[in-house]
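Here is the structure we will look at, set down as structure tokens.
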Amino acid sequence: MATITKSLEWKNAALRWTDSFAQKLADFEGVLWSNAQPTTHENPRLVGVSGAGAKLIGLSSETFWKDRSAAAAVWSGNELIPGASRPWAQCYGGHQFGEWAGQLGDGRAINLGEIESSGRSWEVQLKGAGRTQYSRFGDGFAVRRSSIREYLAAENLHALGVPSSRSLALVFTDRVVQREEPELGAIVTRLAPSWVRFGSFELPVSRNDHAACQRLADYVLEHNYAHIVGNTAADRYTQLFREITHRTASTVARWQAVGFCHGVMNTDNMSILGLTIDYGPFAFMDAYDPQFVCNRSDVTGRYSFAEQPRIALWNLLRLAAPFKGLIGSIDTIADILNSFADEYRRSYAELMRQKLGLFNVAKDNDLALIIDPFLALLQRAGADYTLSMRALCDAPILFSKNSECAAIDRLIDRMAAPQNNDDSWKKDMRAFLTDVYRPRLREDVDSNNLSSFQDIAERMRKANPRFILRNWVAQDVINRAANGDYDCIDHVLDLITTYAFSDTLPDHLKAEQAYGGPVPKWGQGLQSSCSS
């Protein structure tokens, strides 16, 4: 069992612990949460610290690194900081792969409490620290490969402008954890303003505990949506459900724009704040393929890339059941759900316009005439989505110079899959770029006297990342860490956050240049499973 830390560094750390979920919902212990204690871990070692994550709670990464052993003891859960001495786990249910799974809960995530910094509150959670009351048949631990992936992915998505939970620290242990084969353990410390999920509302209503559901809604309004005001409780709940719906639509639109596939969009993995949470078998697409499935456990393709918007709405329909009892009007619920498609379409079209350099004029037919035809061409060629979008950033410069066909052909070759020698595809892509895309881009530039093709190209590079956490990149980091190269973890974290959109890299990252290039043969088609 964890003890209070003896480290003066961490005892005196200027952390402002505030009332947590468990304290404010004390009357619902055993219903919405239960006490939990981290398991003691042998030989914990600090291997990663997100400086950006540390800053969120008022610390610097140096606070962690100056005494690695003390930090490892704290952020493995072996020792607790004063103020975080009553850890807890949240209780929730969920629909998993379309079926009601009943009670689930934090089976391997233990909440230390809540820290306030710069006017924001962050719930601090250890993932992989041991069993809780909700572990069911699980051991409560996490393995190194999945912990590395989550630690890096959450920060990468944030850097790409996608709402996400955040990472703070990564600790390795010598614990042997049995998964598909024996693996070594790890704990990732993650942050979010709230870890309340759709399933947090579903479970109490499934038990006819409407008082718990209402109290949870009041807590979320007070704690995370304080800007919502209304004359009646029903009005406030209506606004809450509408904002959850629109945040969800916006986040999924951002997934689609960056080519991100979550992999396991169960309702217990859907944040009430519209955050991307619970990174399991996620992946960024390599070749553009709407039917891409990143989770090898998803044999039906329920959570394929193309299905994500529809599944998000399906999940909101599940959330609508508890909110119907709060709002009281099924027509109001229906109107909000019916707004999802327009909100998603609007958000997605705007994001894709930015990726294509259309910053000034939004046309209703841009999806049909520009965006969808371009994506269809990428799909037809098996072109790499991220590399193609990055290559397209050079198109405005070529257009401004009225470049000859050879220059445009070289741009097209950068988009084509290496094995693609389809001359008809290249002809069709050239026709699209010169006859459809170029006139639309010129119209957009001409609409704003302050715009130029050079300006558009630079702005496109800020909308189209060069470095993302592809599956092969994550696997390479996992392999390097397994061979003792722990420094590569935070090097790659720096690469996919600070330098995600950069053409040039500092000296300490130049060895990682290949992570912005084509997928190596060994890394093609990699999938993960729910076993982590």
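The values are calculated or read from the model by the stated rules, or taken from the named source; none is laboratory data. Not measured: the values here are computed from a predicted model. We place every Cβ from the backbone using ideal geometry, glycine too, and count neighbours over all the protein chains shown. Side chains are part of the model used for accessible areas, which takes the heavy atoms of the whole protein and leaves out ligands, DNA and RNA. Shrake-Rupley method; radii C 1.70, N 1.55, O 1.52, S 1.80 Å.
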Inset, instruction - Taking a cut-off of 15 Å between Cα atoms, list the aspartates and glutamates near Lys510, but don't count ones fewer than 8 places away on the same chain. - result: Asp487, Asp490, Asp494
Legend entry - Between the range 490-513 and the range 441-487, the Cα center-to-center distance that results, in Å: 11 Å
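Ranked from highest to lowest mean number of other Cβ atoms within 10 Å per residue, what is the order of the peptides 228-236, 14-22, 494-502? Mind dumping the intermediate values first?
Values: 228-236: 13.1, 14-22: 16.6, 494-502: 20.1.
For the peptides 228-236, 14-22, 494-502, the packing ranking is 494-502, 14-22, 228-236.
For the range 4-135, what is the accessible area per residue in Å² when the probe is 1.4 Å? Write out the running numbers ahead of the final one.
Working: 5260 Å² over 132 residues.
Roughly 40 Å² per residue, with all protein chains present.
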Legend entry - Two-decimal Rg/Rh across the range 110-234, once Rg and the Kirkwood Rh are taken from alpha-carbon atoms: 1.04
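Excluding Ile478 itself, calculate the net charge of residues whose Cβ lies under 13 Å from the Cβ of Ile478, where each Lys or Arg counts +1 and each Asp or Glu counts -1.
Residues close to Ile478 contribute a combined charge of +1.
Any idea what the relative contact order of the range 241-342 is, in percent, if you count C-alpha pairs under 8 Å spaced at least 6 apart? Mind showing how you got there, number by number?
Details: 115 pairs, mean separation 31.1, N = 102.
Relative CO of the range 241-342 lands at 31 percent.
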Legend entry - Anchor Lys24: lysines whose Cα lies under 27 Å away (excluding residues fewer than 8 positions away in-chain): Lys11, Lys55, Lys127, Lys324
Inset, instruction - Any chance you could give the angle, 0 to 90 degrees and rounded to 10, that helix 308-327 forms with the longest Cα principal axis of the chain? - result: 40 degrees
Legend entry - For peptides 132-142, 434-444, 186-196, sequence by mean Cβ density within 10 Å, most packed first: 186-196, 132-142, 434-444
Legend entry - Whole-percent pair-distance distribution, where bins are 5 Å wide, for the alpha carbons of the range 328-382: 4, 17, 21, 18, 13, 10, 7, 6, 3, 1, 0
Inset, instruction - Would you work out which of Gly102, Leu56, Met460 lies farthest towards the positive end of the dipole of the chain? Charges go on Cβ: Lys and Arg +1, Asp and Glu -1. - result: Leu56
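Multiply the residue separation of Leu184 and Lys11 by 0.36 nm, subtract the distance between their alpha-carbon atoms, and state the gained length in nm to one decimal.
The Leu184-Lys11 span can extend by a further 59.3 nm.
Based on the Cα coordinates of the range 169-233, what is the per residue volume of their convex hull in Å³? Working shown, then result.
On the way: hull volume 8.7 nm³, N = 65.
Convex hull volume per residue, Cα atoms: 133 Å³.
Measure off, as a whole percent, the carbon and sulfur share of the 1.4 Å-probe accessible area of the chain, all protein chains present.
Numbers: 10080 of 20960 Å².
Carbon and sulfur atoms account for 48 percent of the accessible area of the chain.
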Inset, instruction - Compare the Cα positions of Val171, Ile228, Ala212 along the charge dipole of the range 146-228 (+1 at Cβ of Lys, Arg; -1 at Cβ of Asp, Glu; about the Cα centre) and return the one farthest towards the positive end. - result: Ile228
Inset, instruction - Using θ = phi - 60° and the Karplus relation 6.51 cos²θ - 1.76 cosθ + 1.60, list the HN-Hα couplings for the range 38-49 in order, rounded to whole Hz, with x at every Gly or Pro. - result: x, 7, 6, 10, 7, 6, x, 9, 6, 10, x, 9
Legend entry - Selected from Pro518, Leu375, Val188, residue furthest toward positive end of dipole (the chain; charges at beta carbon): Val188
Legend entry - Value of [θ]222 nm, deg cm²/dmol, for the chain, DSSP H segments ≥ 4, -39500 (n - 2.57) each, nearest 500: -12500 deg cm²/dmol
Legend entry - Orientation-averaged projected area, Cα convex hull of the range 459-532 (nm²): 5.9 nm²
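Please compute the Kirkwood hydrodynamic radius of the range 25-91 from all pairs of different C-alpha atoms, in Å with one decimal. Present the calculation step by step, with values, prior to reporting the outcome.
On the way: mean 1/r = 0.0732 Å⁻¹.
After inverting the mean inverse Cα-Cα distance, the result is 13.7 Å.
Which value, in Å², gives the accessible area per residue of the range 449-532 when a 1.4 Å probe is used on the protein heavy atoms?
On the way: 4010 Å² over 84 residues.
Value returned for the range 449-532: 48 Å² of accessible area per residue.
Once R0 is set to 56 Å, what does the formula 1/(1 + (r/R0)^6) return for the Cβ-Cβ distance between Ala306 and Ala511, expressed as a FRET efficiency to the nearest 0.05?
Numbers: r = 36 Å, r/R0 = 0.65.
So, using R0 = 56 Å, E works out to roughly 0.95.
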Inset, instruction - Express in whole angstrom the spacing between the alpha-carbon centres of the range 129-159 and the range 304-322. - result: 24 Å
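Accessible area per residue of the range 279-429 at 1.4 Å probe, in Å²? Display every interim value, and only then the final one.
Working: 6380 Å² over 151 residues.
Here the residues of the range 279-429 average 42 Å² of exposed surface.
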Legend entry - For peptides 46-53, 456-463, 76-83, 214-221, sequence by mean Cβ density within 10 Å, most packed first: 46-53, 76-83, 214-221, 456-463
Legend entry - Cysteines (scope the chain) whose Cβ has no counterpart Cys Cβ under 4.7 Å: Cys91, Cys213, Cys393, Cys405, Cys488, Cys530
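Defining a contact as two alpha carbons under 8 Å apart and six or more residues distant in sequence, what relative contact order in percent does the chain show? Don't jump to the answer; show the numbers that get you there.
Working: 968 pairs, mean separation 74.6, N = 532.
Here the relative contact order equals 14 percent.
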Legend entry - Net charge of neighbours whose Cβ lies under 15 Å from the Cβ of Arg430, counting Lys and Arg as +1 and Asp and Glu as -1: -2
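Which net charge results for the neighbourhood of Asn43, defined as the other residues with beta-carbon distances under 15 angstrom from its beta-carbon, given Lys and Arg at +1 and Asp and Glu at -1?
Working: positive: Arg45, Arg68, Arg144, Arg175; negative: Glu42, Glu79, Asp174.
Computed value for this residue: +1.
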